[in-house]
Amino acid sequence: MRIHSRIKSLLTTFGLIAIVAVMLAMPTDALAETTLRFKNGKSWRGDNGAIVQVEFKHFRTGKTQSLEGTIVEITKGKPGRRAITLQTTAAGRDAREIILEGDILSMTTVGQAEVTAPTSTADAASGGSSPSGRTVGSTDAEVLSAEKPGVFYLRWTGMVGTYARHDEMEKIAAEADKYGDNQIIVIHIESGGGMVTEGDKIHETLTELKKRHRVVAWVEKAISAAAYTAMHANEIYWHDEGTMGAIVMFNSGTGVSISGRRLDAWVKRCGDAAEESNLNRSIAEAMITRGEVCSYTKDPETGKVTIYDDLSGEVDLCDATNVLTLNKLQAIDVGYCMGVANTKDELAKHLGLSEWNEVTDAGQKIYDRHTRAIDRAKEQTPRIMQDYNLSSTDQERLRHMKRLLSHYEACGDIIMIVECRSPFGPKEELIRQMEALRKQIASRR
Amino acid sequence: MPFTSLLAASLVMAPTSAPTGDVASETAKPVVYVIPMDGQMGTDIHPSIYETIIEDVQEVKPDVVVFKLNSADVDTIEHIQNDDRREAGMLGMFQEYEGMLKDIHTGLRKAGVDREDMVVWLDDGYGIGAILGFGFPKMFMTDSPDSRFGGLRVIQAFFAQNDADVQAKMEGAWMGTAEKFLMHGGREDLIPVLHAMVMPEKKLYAKFDGRDVVFSEDPNGAVWTLDSSTERVLNFDSDRAERVMLSEGSVENLEDLVFLLGHQDYEMNERGQEMFETYKERWRRAFEQCQGLLRDAAEQEREGGIKGMGRAMNTYKKVLGLARQYPAVETRLSRDFGVSVLQLEGKIKSIQKAIAESKRNGRGGSSRGRSGKSGRGGGLGG
């Protein structure tokens, strides 16, 4: 009887904490979505963080109004009696509008804002996490354990700096952190490169991440900044058709590559990054400029490879006319490929796992949410601009600018300027022009 | 097909394919599934149709899959330049072709097709389409002087840069993408061949490792010199490709090809061919229709008035519908007429707006207000 009650008390203590921890750690998507049903028979399904366009009958004026904004709260209650709180902008300022479910005529999701959910009880209490994304003041009770050994998998595709960013790496890292140190994080790279500034952030993120987790790059295509990224991993595996290299830094406006001290610094930096990951620095340096050449000799008996930073080896990897881009066979020889895996199951074997298991589906959600937001913004921006240009009144123009603003909120300035080619430039400029337009409209009244 | 090849093939293949009895020979008939890659790269040869066909392959589960490639940007008298440039392959979709090939291989793996039974048969591959000739484990060519494997120098267009380092970067990156086609096909041994076919400065030699030919840029130990020029790229005809053992053989027809694969008899599945032909015929008909519709729309716009504008709008909507239905139509509208889906949408919106404005102005200017025809079209002058 006494034993029974002790077990019961233990269960109450650890069981409850564990359940609370699991609940808080659950990604917001995992929580039930809400379905709102409107009087006219239409409905909307979604969650906090959704950017929506709502058409509703104003409870005071009785006039039909249209608003675009981010849902920050959906109250609980009986269907038909709930309300949404919409974060929106009015006269250039942030404003919150509460709209009753019964007043809504239609509601359409136009995007998804970045929602930062607390990752632990400590996070919730302290209101944030450390810069690396780790839980502050976490206790053993908050560390989750996976059902079976597995990985945290993140697809990392497209342009570096817009689609492929350090932000998503930090998000998957935060997810892995919930399960304690030494998790396996697989970054599946398929990118033709991108922005140098993002490369700096990736360097910081991955350098930190490697201190507590096993970072694996799975290379399908790692060109330029993506090759620099792959170099930071603890281990690199390749697809059969993988390719990696060509890290020449150049100004995309002028088409001129960097030179002089800047080039020397970049060569050194890539070499250092390679060495920190136990990769040969000559290989990394040869990816940067035609000035760096390299070759290797493979002992036919022992298979031992000697790499030279000149052309004295038997196999010329790159001479003074080209920069190095490795293929799978070369990468294996020079130690830039620890194994070839074309499927996740094949990769699992290389990683020492009996089977492929993703501890959570957070990586997929992080990827999907991010790429969907960009794809949508890319598709919509030219159409919004078309509508904007066809507008005959300032009110109309303002409405289209608001639509554009919601994409800025979902994607950020860089994506809106680089991927969507928004003519307004940064968000501040769009807001400034919206404000000016509002003043014009007000002055006419 | 040369007699010696056939004879050699029959001698080599006979033991594996020899029937052990009547029943066995009937049940052992391999199913051969032919997938055409015929016409313009980027329109006729488009990822969307292969997605559909590969789904069918997964259902059929054939023993042998033959991709019959016939895609040439220029005819055999290149210097005359009499080819319709609108029919040249879309170079800008190079990465999409690589994705398409990747998906094809993934689909074939799922269908349980053995790599040894994936074959590309080059009827004619000249220009960007020739890259697909590298994409499968085995390659055959049509036994004809007009059967070509070449024209890949077009890939150089991706490298053109003023800055030497940037040019080297682009060359590395794009050749990396080109090499992916070979990797998908398990033909990394042909990387030096690809390089010699794209870049004039690359040379090509052949050596032997036992009975296997080894292609190399290194002349040491070379038995054959295939390309010693630093000014010209390398191209092949079927005869040359067979002589240097780049192709497995030159064939006159599918029977020859299947025979060289070691099968004396086979069962043909024609669904892939039918699907491809239907697709090609339909998008081309839709494209032709679009050309007429665009002319009509311009005419209707000139007619003016709400009626004319309304008719033009509906005509543009038809074009838009076809462009959305067939990516190939959208691609060709863009290349041939500079008309994109976005522009069509914009055109429709602007006409809608103009109609609405006309109606509004008409109503505003009419003493009879909203009722009656007199209120329509009044404000169209502008």
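Observations
For (1) closer than 21 Å to A:Ser224 by Cα; (2) assigned by TED's automatic domain parsing to the domain that holds B:Met118; (3) within 22 Å of the chain's Cα centre (by Cα); (4) not hydrophobic (A, V, I, L, M, F, W, C), each residue gets a yes or a no:
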{"position": "B:Val166", "(1), (2), (3), (4)": "yes, yes, no, no"}
{"position": "B:Glu171", "(1), (2), (3), (4)": "yes, yes, no, yes"}
{"position": "B:Gly176", "(1), (2), (3), (4)": "yes, yes, yes, yes"}
{"position": "B:Glu179", "(1), (2), (3), (4)": "yes, yes, yes, yes"}
{"position": "B:Glu188", "(1), (2), (3), (4)": "no, yes, yes, yes"}
{"position": "B:Phe208", "(1), (2), (3), (4)": "no, yes, no, no"}
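- Selection from the range B:149-190 of residues that are over 26 Å from A:Phe250 (Cβ atoms) and facing chain A (nearest Cβ under 9 Å): B:Phe181, B:Leu182, B:Met183, B:His184, B:Gly186, B:Glu188
- Every listed requirement among (1) in contact (Cβ under 8 Å) with a residue 40 or more places away in the chain; (2) open to solvent by less than 50 Å² (accessible area, probe 1.4 Å); (3) not β-branched (Val, Ile, Thr) is met by A:Gln386 save one, (1).
Rundown of residues vs (1) within 14 Å of chain A (Cβ to nearest Cβ); (2) not in a helix (DSSP H, G or I), yes/no style:
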position	(1), (2)
B:Met100	yes, no
B:Ile104	yes, no
B:Leu108	yes, no
B:Val113	no, yes
B:Asp124	no, yes
B:Ala130	no, no
B:Gly133	no, no
B:Phe136	yes, yes
B:Phe140	no, yes
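- Residues of the range A:40-70 that are at pLDDT 75 or above, over 21 Å from A:Glu175 (Cα atoms) and not in a strand (DSSP E or B): A:His58, A:Gly62, A:Lys63.
- Condition met for B:Phe208 (open to solvent by 10 Å² or more (accessible area, probe 1.4 Å), assigned to a strand (DSSP E or B) and touching a Lys or Arg at 6+ places or on another chain (Cβ under 9 Å)): no
- Yes/no for B:Arg109 being of a type in the set (Lys, Arg), in contact with an Asp or Glu (Cβ under 6 Å, 6 or more places away or on another chain), assigned by TED's automatic domain parsing to the domain that holds B:Leu194 and modelled with pLDDT under 95: no
- Filtering B:Ala286, B:Ala297, B:Ala312 for residues that are more than 19 Å from B:Asp336 (Cα to Cα), part of a helix (DSSP H, G or I) and not assigned by TED's automatic domain parsing to the domain that holds B:Val119 leaves a single hit, B:Ala312.
- A count restricted to the range A:278-308 and to residues that are buried (at least 20 other Cβ atoms within 10 Å of the Cβ) and among the small types (Gly, Ala, Ser) stands at 4.
- Checked against (1) within 14 Å of chain A (Cβ to nearest Cβ); (2) modelled with pLDDT of 95 or more; (3) touching a Ser or Thr at 6+ places or on another chain (Cβ under 9 Å), B:Glu357 passes all but condition (2).
- Check on A:Gly412, small (Gly, Ala, Ser), under 24 Å from the mean Cα position of the chain (by Cα), under 24 Å from A:Glu170 (Cα atoms) and open to solvent by 20 Å² or more (accessible area, probe 1.4 Å): yes
- Residue in the range A:209-222 that is part of a helix (DSSP H, G or I) and at pLDDT 95 or above present: yes
- Against the criterion of being not acidic (Asp, Glu) and not in a helix (DSSP H, G or I), B:Phe215 qualifies.
- Qualifying residue in the range A:428-435 (condition: under 18 Å from A:Thr88 (Cβ atoms), within 28 Å of the chain's Cα centre (by Cα) and β-branched (Val, Ile, Thr)): yes
- Test: residue in the range B:321-342 that is over 21 Å from A:Ser392 (Cα atoms), within 14 Å of chain A (Cβ to nearest Cβ) and open to solvent by less than 20 Å² (accessible area, probe 1.4 Å): yes
- Annotation note: of A:Ala230, A:Ala222, the sole residue that is crowded, with 23+ Cβ neighbours inside 10 Å, over 18 Å from A:Glu358 (Cβ atoms) and facing another protein chain (nearest Cβ under 10 Å) is A:Ala222.
- Single unsatisfied condition, A:Thr88 versus (1) at pLDDT below 75; (2) within 18 Å of A:Met401 (Cα to Cα): (1)
- Residues in the range A:239-271 that are more than 18 Å from A:Met195 (Cβ to Cβ), surrounded by fewer than 13 Cβ atoms within 10 Å (Cβ to Cβ) and among the charged types (D, E, K, R): A:Arg261 only.
- Residue that is farthest from the other protein chains (Cβ to nearest Cβ), among those in the range A:233-270 that are without any contact (Cβ under 8 Å) to a residue 12 or more places away in the chain, of a type in the set (A, V, I, L, M, F, W, C) and not in a strand (DSSP E or B): A:Ala265
- Only one of the numbered conditions (1) open to solvent by 40 Å² or more (accessible area, probe 1.4 Å); (2) in the same structural domain as A:Val186 (by TED's automatic domain parsing) is not met by A:Gln395, and that is (2).
- Residue match in the range A:333-342 (condition: within 35 Å of the chain's Cα centre (by Cα), surrounded by 16 or more Cβ atoms within 10 Å (Cβ to Cβ) and without any contact (Cβ under 8 Å) to a residue 40 or more places away in the chain): yes
- On inspection, B:Asn235 does not qualify as open to solvent by 10 Å² or more (accessible area, probe 1.4 Å), within 11 Å of chain A (Cβ to nearest Cβ) and not basic (Lys, Arg).
- Here the range B:143-169 is the region considered, the condition is being without any contact (Cβ under 8 Å) to a residue 60 or more places away in the chain and assigned to a loop (DSSP other than H, G, I, E, B), and the residue that is most open to solvent (accessible area, probe 1.4 Å) is B:Asn162.
The values are calculated or read from the model by the stated rules, or taken from the named source; none is laboratory data. The shown structure was predicted, so the numbers you read here are calculated from the model rather than taken from an experiment. Please note: Cβ atoms are built from the backbone with ideal geometry, for glycine as well, and neighbour counts cover all protein chains shown. Just so you know, the surface numbers come from the protein's heavy atoms only, side chains and all, with ligands and any DNA or RNA stripped out. Shrake-Rupley method; radii C 1.70, N 1.55, O 1.52, S 1.80 Å.
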